[in-house]
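Everything on this sheet refers to the single structure shown next.
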Amino acid sequence: SRVEHDFSTASLVNTSPLFVRVTPNPAFRSEVLTALEGSLVTMPHSNWMATVAVFRNSHDHVLSGELFSPVVESDPNGSRTVFPVVFGNGLEGHSYGVEITNDIRPASWWRTTINYSWLRVHLQKKPGSRDASQEVRGEGGSPRHQLQLATTWHLPGRVTVDWFLRALSGLPALRLPRYTTSNVRVDWALNSEAGLFVQ
């Protein structure tokens, strides 16, 4: 994207005269993903469909933040130490996991979907890479466990109620503990072209 090819910025480290300068890389390549997936679909009941999928992905040319030796810059306002970071393709690795989905329809007006996924990501530096952050971020920035529940009720009077619940395990790379989110949406269709909703 244009971020890797054209984006440039500098950020201050704490309150000291230290800067991290991110430099674009016109030679940056897109990541290459080779995915293998197998799944089993079964219907234990006419109103219940279950799916189990397993997958393994191979990743190459993954985004890295290549850290180079610091340089000291001076101007009339003083001096500062700058740590240059260049976008690179210095990581490779693989990911694998399993996903289980249950689609349950107890009645014509009621549908519930329950999904659980387990994911592992392993990245490593390619020879010569000086990645300073993206290896850790790539491995610890995706939840290992994720549970999602979505249910929809189609009620009389053209009213639809949607409830969504999501629970994720912690994201150590982002310093986020495990958390759960939920929201409800009530939609009232006035006619075929207009409606009101509250979320």
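The values are calculated or read from the model by the stated rules, or taken from the named source; none is laboratory data. Keep in mind the model is a prediction, meaning the values are calculated, not measured. With ideal geometry, Cβ positions are generated from the backbone for all residues, glycine too; neighbour counts draw on all protein chains shown. Protein only, heavy atoms only, side chains kept; ligands, DNA and RNA dropped before computing areas. Shrake-Rupley method; radii C 1.70, N 1.55, O 1.52, S 1.80 Å.
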Just to verify a number: what accessible area does THR151 come out at with the full protein assembly present, 1.4 Å probe, Å² rounded to tens? 10
A chain fully extended from TYR179 to LEU147 at 0.36 nm per residue, minus the present Cα-Cα distance, gains in nm 10.4 nm
Hey, for a label at SER79 modelled as a point 7 Å past Cα toward Cβ, could you say which residues of the stretch 15-39 have their backbone N under 16 Å away? 17-19
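Dividing the alpha-carbon Rg of the chain by 2.2 N^0.38 Å yields what? Could the numbers behind the result be given before it?
Values: Rg = 23.9 Å, N = 199, 2.2 N^0.38 = 16.4 Å.
The reported ratio for this selection is 1.45.
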CD proxy at 222 nm, helix term only [per DSSP H run n ≥ 4: -39500 (n - 2.57); per residue of the chain; nearest 500]: -1500 deg cm²/dmol
If each of SER1 and GLU31 carries a label point 7 Å out from its Cα toward its Cβ, how far apart are those two points in nm? 1.2
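Which value, in nm² and rounded to one decimal, describes the direction-averaged projected area of the C-alpha convex hull of the stretch 121-199? Intermediate values should be presented prior to the final figure.
Values: hull surface 32.5 nm².
Average projection, Cα convex hull of the stretch 121-199: 8.1 nm².
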Rounded to the nearest 10 Å², the accessible area of ASP187 using a 1.4 Å probe with every protein chain kept is 40
Between the alpha-carbon centers of the stretch 149-194 and the stretch 18-93, tell me the distance in whole angstrom. 30
Order by accessible surface, 1.4 Å probe, largest leading, for residues HIS59, HIS45, HIS5 comes to HIS45, HIS5, HIS59
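Chymotrypsin sites (Phe, Trp or Tyr not before Pro) within the stretch 101-166: which are DSSP loop residues with at most 13 other Cβ atoms inside 10 Å? Provide the component values of the computation, followed by the final result.
Values: sites: TRP109, TRP110, TYR116, TRP118, TRP153, TRP163, PHE164; in loops: TRP109.
Answer in residue order: TRP109.
Provide the convex hull volume over Cα atoms per residue for the stretch 12-74, in Å³.
On the way: hull volume 11.7 nm³, N = 63.
Per residue, the Cα convex hull of the stretch 12-74 comes to 186 Å³.
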